[in-house]
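Student: Before I ask anything, let me first share the structure, which is written out below as structure tokens.
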Amino acid sequence: MADKDIFKTMEEAKAYVGGLSKTTKMPGKSASISAFDCKVGSKLAELPGSVCHDCYARKGNYVRFPAVRRALKARTKKLKRSFWVPAMVRSIGKDPWFRWHDSGDLQDQFHLENIIEVCIRTPWTNHWLPTREVGIVRKFLRLGGEFPPNLCVRVSAAMIDGMPPRGFTNTSTVHRVNGTLGDECPAHLQDDRCGSCRACWDTSVENISYRKH
């Protein structure tokens with residue numbers, strides 16, 4: 001059965017997965033789940049000097065409003081639903097750019113494989129998946145898994161000013177004023193927005209370094 005036959009409308013599909021996010025910084029929509037459900041990130045959040053220690057998704061509007069907290073938590077629970085993949089495909093629609101996740105991270109191998117299936121079914125969309133779940137990604141690749149050409153998986157360094165994780169094609173790091181590795185994200189120079197830059201989605205860009213703010 002085609003995805004469009006399972007969910008007659010985009011609104012119906014979005015309700016099934018709990019909705020999508022739309023941030024002012026980035027082009028297109030994004031998926032978000034609770035940052036308090038992060039596996040590696042929850043441990044790093046307790047570690048001073050880590051990239052997750054002052055996590056933006058654990059404060060501000062992400063936690064200020066009870067309705068937002070409930071929605072993020074509900075999306076995490078809905079990841080295991082039977083028709084999550086076709087619902088995500090229908091929700092993304094024909095958008096050219098999509099981010100996984102502006103809040104939260106990979107939950108397990110099943111989650112990663114489902115994301116990859118969504119990417120395969122949306123070849124017109126450029127997908128970007130930043131993750132600190134090194135173990136999940138490494139296991140997937142070790143077992144012979146491959147990422148589709150429209151998906152850029154960026155494995156992130158755990159510590160500020162740390163080196164990028166080894167053994168991955170695409171990575172990201174976080175730096176202070178000095179110490180940029182690879183291509184520096186220009187957002188801090190353009191009102192904290194992507195603007196015309198799409199380097200995060202570009203698999204030819206090996207490492208992107210984000211300025212700590």
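Student: How far is it, in nm, from the label point at Arg142 to the one at Trp124 when both lie 7 Å from their Cα along the line to the Cβ?
Tutor: 3.9
Student: Using +1 on the beta carbon of Lys and Arg, -1 on that of Asp and Glu, and nothing else charged, what's the dipole of the chain about the Cα centre, debye to 20?
Tutor: Values: 34 positive and 22 negative charges, 148 e Å.
Computed about the Cα centre, the dipole is about 700 debye.
Student: For the chain, what is the calculated [θ] at 222 nm in deg cm²/dmol (nearest 500), taking -39500 (n - 2.57) for each run of four or more DSSP H residues and dividing by its residue count? Kindly include the intermediate steps, with their values, before the conclusion.
Tutor: On the way: 8 runs with 64 residues, N = 213.
My calculation for the chain gives -8000 deg cm²/dmol from helical runs alone.
Student: Longest exposed-loop-site-free stretch of the chain, with trypsin sites (Lys or Arg not before Pro), DSSP loop and at most 16 other Cβ within 10 Å? Kindly include the intermediate steps, with their values, before the conclusion.
Tutor: Details: sites that count: Lys8, Lys22, Lys25, Lys39, Lys59, Arg81, Lys94, Arg166, Arg176, Arg193, Arg198, Lys212.
Longest run free of exposed loop sites: 95-165.
Student: Once label points are set 7 Å from the Cα along Cα→Cβ at both His53 and Thr169, what is their separation, rounded to one decimal in nm?
Tutor: 3.4
Student: Another question, then. For the range 1-145, build the charge dipole from Cβ charges (+1 Lys, Arg; -1 Asp, Glu) around the Cα centre, then report which of Thr24, Val118, Pro130 sits farthest towards its positive end.
Tutor: Value computed over the given set: Thr24.
Student: For Gln109 and Arg176 in the same chain, what is the full-extension length gain: residue separation times 0.36 nm, less their Cα-Cα distance, in nm? Let's see the in-between values first.
Tutor: Numbers: separation 67, 0.36 × 67 = 24.12 nm, distance 3.25 nm.
Here the answer is 20.9 nm.
Student: Of the cross-linked pairs Lys94/Lys139; Lys14/Lys78; Lys8/Lys80; Lys14/Lys80, which ones have a Cα-Cα span greater than 19 Å in the structure shown? Don't jump to the answer; show the numbers that get you there.
Tutor: Working: Lys94/Lys139 31 Å; Lys14/Lys78 11 Å; Lys8/Lys80 21 Å; Lys14/Lys80 15 Å.
With Cα atoms farther than 19 Å apart: Lys94/Lys139; Lys8/Lys80.
Student: Helix 66-77 versus the longest principal axis of the chain: what is the Cα-based angle in degrees, 0 to 90, to the nearest 10?
Tutor: 70
Student: Looking at the square roots a ≥ b ≥ c of the eigenvalues of the Cα gyration tensor of the range 135-210, which shape do they give, rounded for a/c under 1.5, prolate if a/b is larger than b/c, or oblate? Please report the intermediate quantities before stating the final value.
Tutor: Working: a/c = 2.88, a/b = 1.49, b/c = 1.93.
Oblate shape, in that a/c is at least 1.5 and b/c is the bigger or equal ratio.
Student: Students often get this wrong, so try it: which of [x] 36, 17, 16; [y] 26, 19, 17; [z] 30, 19, 16 is semi-axes √(5λ) of the Cα gyration tensor in Å as calculated from the structure shown?
Tutor: After the calculation, the listed value that fits is [y].
Student: Return the carbon/sulfur percentage of the accessible area of the chain, one whole number, probe 1.4 Å, all protein chains in place. Intermediate values should be presented prior to the final figure.
Tutor: Working: 6060 of 10940 Å².
The value for the chain is 55 percent carbon and sulfur by accessible area.
Student: What stretch of the chain, leaving out the sites themselves, is the longest with no GluC sites (Glu not before Pro) in a DSSP loop having at most 11 other Cβ atoms within 10 Å?
Tutor: Values: sites that count: Glu46, Glu146.
Result, exposed sites excluded: 47-145.
Student: If you count only protein heavy atoms and use a 1.4 Å probe, how large is the accessible surface of Trp128, to the nearest 10 Å²?
Tutor: 10
Student: Under a point-charge model restricted to the Cβ atoms of Lys and Arg (+1) and Asp and Glu (-1), what is the dipole moment magnitude of the range 109-148 relative to its Cα centre, in debye to the nearest 20?
Tutor: 140
Student: Next question, about the same structure. Just the number please: accessible area per residue for the range 1-157, 1.4 Å probe, all protein chains included, in Å².
Tutor: Heavy-atom accessible area per residue stands at 48 Å².
Student: Could I ask something else about it? For the chain, set up a GNM with springs between Cα atoms under 10 Å and report which of Thr169, Thr180, Thr24 has the largest fluctuation.
Tutor: Residue with maximal mean-square fluctuation among Thr169, Thr180, Thr24: Thr24.
The values are calculated or read from the model by the stated rules, or taken from the named source; none is laboratory data. Quick caveat, the model's predicted, so the values are computed rather than measured. A quick note on method: Cβ atoms are made from the backbone with ideal geometry, for glycine too, and the neighbour counts reach across all protein chains shown. Protein only, heavy atoms only, side chains kept; ligands, DNA and RNA dropped before computing areas. Shrake-Rupley method; radii C 1.70, N 1.55, O 1.52, S 1.80 Å.
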